[in-house]
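A quick write-up on the structure given underneath.
The values are calculated or read from the model by the stated rules, or taken from the named source; none is laboratory data. Only a predicted model underlies this, so the values are computations on that prediction, with no experimental measurement involved. Cβ coordinates were reconstructed from backbone atoms using ideal geometry, including for glycine residues, and neighbour counts include every protein chain displayed. In case anyone asks, the SASA skips ligands and DNA or RNA and just uses the protein heavy atoms, side chains included. Shrake-Rupley method; radii C 1.70, N 1.55, O 1.52, S 1.80 Å.
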Amino acid sequence: MRVFTNIESRPNRRGAYAGALLLSIAAVMGGAMLAHGQQNSGPTPSQPGAEVYFVDLKDGATIPAKTTIYFGLRNMGVAPAGSDRDNSGHHHLLIDTDLPPLNQPIPADFNHLHFGAGQTEAEITLNPGEHTLQLVMGDKDHVPHNPPVMSPRIKVRVEGNPGVVTSGGPTPSGSGAEVYFSDLKDGAVIGPKTTIYFGLRNMGVAPAGSDRENAGHHHLLIDTELPPLDQPIPSDFNHLHFGAGQTEAEVSLKHGEHTLQLLMGDKDHVPHTPPVYSQRIKVRVVDPSLRKPSPPDARVYFVGLKDWSVLPQQATIRFGLVNMGVAPAGIEKANTGHHHLLIDTKVPPLDEPIPSDFNHLHFGAGQTEATVTLPLGTHTLQLLLGDENHVPHNPPVMSKPIKVIVTKTGRR
């Protein structure tokens with residue numbers, strides 16, 4: 001993940017991710033973190049000896065303005081956000097901020113960077129001067145573990161770098177001014193036509209041509225780098241102007257990956273000093289009309305599992321596939337897909353990406369089996385194949401739903 005931004009403090013609200021169904025995918029993942037005891041922590045336990053740390057970065061180090069930070073982990077595994085896997089979590093990098101409440105979801109802003117896709121490194125850009133860095137692990141819901149697993153807070157010094165632009169045009173921006181995407185995160189999957197909402201703090205919105213103090217209007221940069229910050233922002237398909245003072249826009253994007261970034265401009269469309277711009281994020285656009293074709297005789301099925309089978313609470317479920325190949329998510333190859341296990345749910349819309357939650361388990365690494373934990377009782381299981389963007393094929397390749405009975409012993 002690349003984060004290109006000036007780091008400043010931002011408040012943010014983030015709802016907790018909850019699920020009624022207890023499920024966990026068993027996996028052996030090396031690593032772990034140093035657990036610091038705290039009384040107020042989240043509900044997910046951490047293993048003794050778990051430790052998270054910076055790799056090759058020491059307290060007092062001098063680093064360039066743009067640098068890659070590597071995250072180390074011992075006695076604990078890395079798992080993406082939303083994955084309910086024992087003794088695992090995902091990284092959060094805290095920049096120039098104190099620890100947040102340890103019994104609540106970690107905020108998501110420029111001071112609290114989330115790596116919910118399971119990343120173990122990040123390229124960040126910092127202003128010249130002194131900064132503090134700290135790592136905190138979060139569970140599937142972004143809540144620190146109990147006890148919390150976090151690194152010591154270290155100080156680093158950033159040398160002045162001519163490649164980092166801190167000045168723009170003649171119009172000053174207010175202290176603490178920031179622009180950001182509302183409800184749109186790095187790595188999000190969106191449709192080809194979507195409404196993007198612009199957030200703004202400590203600054204006002206004013207139409208182009210309006211000479212109002214501490215105000216400006218939005219520009220959306222699509223698939224392009226920042227333009228020269230001391231000149232008028234270009235106006236083309238890659239630089240969309242909202243000079244009427246709009247705070248949202250419906251945009252149409254082609255199927256595939258794109259980058260988005262917001263940049264404020266003054267009455268003359270020139271960035272402020274210092275410039276006010278958001279982090280540059282990546283989004284994946286999935287066009288349902290471009291569903292991948294599947295062979296008419298393709299079939300996915302459960303191996304050795306029949307309707308009304310009796311299972312123990314922790315059971316390994318194996319997936320079979322006929323006349324199609326398995327390919328991990330993100331890999332575009334004809335006549336392939338990856339498995340999704342639906343638990344106690346109906347088939348989702350077939351022209352949208354399959355949801356990722358406790359009822360829709362993704363096996364985007366190309367797995368052909370999974371160990372799951374189910375509550376006692378009767379459950380419905382079904383397999384559904386998805387393409388590189390998690391969208392079902394046309395026609396969809398899915399098994400018939402089956403009923404299973406879960407008992408303590410795995411026997412009636």
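Roughly what % antiparallel, to the nearest 5, for the DSSP beta bridges in the chain?
Taking every DSSP beta bridge with both residues in the chain, the antiparallel ones total about 80 percent.
For labels at Phe237 and Glu332 in the simple 7 Å Cα→Cβ model, what's the distance in nm?
If labels sit at Phe237 and Glu332, their model points lie 1.6 nm apart.
At most 13 other Cβ atoms within 10 Å and a DSSP loop assignment: could you name the GluC sites (Glu not before Pro) in the stretch 318-412 that fit?
Here the sparse-neighbourhood loop sites are Glu332.
Quick one: pull the percent of accessible area on the chain belonging to carbon and sulfur, 1.4 Å probe, ligands and nucleic acids left out.
For the chain, the apolar C and S fraction of the accessible surface comes to 49 percent.
Within 10 Å of each candidate Cβ there may be at most 11 other Cβ atoms; applying that plus a DSSP loop requirement, which trypsin sites (Lys or Arg not before Pro) in the stretch 305-347 survive?
Sparse-neighbourhood loop trypsin sites (Lys or Arg not before Pro): Lys306, Lys346.
Return the FRET efficiency for the residue pair Ala365, Asn40: r is the Cβ-Cβ distance, R0 is 30 Å, and the value is rounded to the nearest 0.05. Spell out each step's value before the answer.
Numbers: r = 35 Å, r/R0 = 1.17.
It comes out at approximately 0.30.
Leaving out same-chain residues fewer than 8 places away, which lysines sit with a Cα under 28 Å from that of Lys306?
Answer for Lys306, where 28 Å is the Cα cut-off: Lys346, Lys400, Lys403, Lys408, listed by chain and number.
Quick one: Karplus J couplings for the stretch 376-390, per residue in order, coefficients 6.51, -1.76, 1.60, θ = phi - 60°, nearest Hz, x for Gly and Pro?
Computed from phi, the couplings for the stretch 376-390 are 4, x, 9, 9, 10, 10, 8, 9, 9, 8, x, 7, 5, 9, 6 Hz.
If R₀ is 45 angstrom, what is the calculated FRET efficiency for the pair Ser289 and Glu130, using the beta carbon separation as r and rounding to 0.05?
Values: r = 52 Å, r/R0 = 1.15.
Efficiency, from the Cβ-Cβ distance: 0.30.
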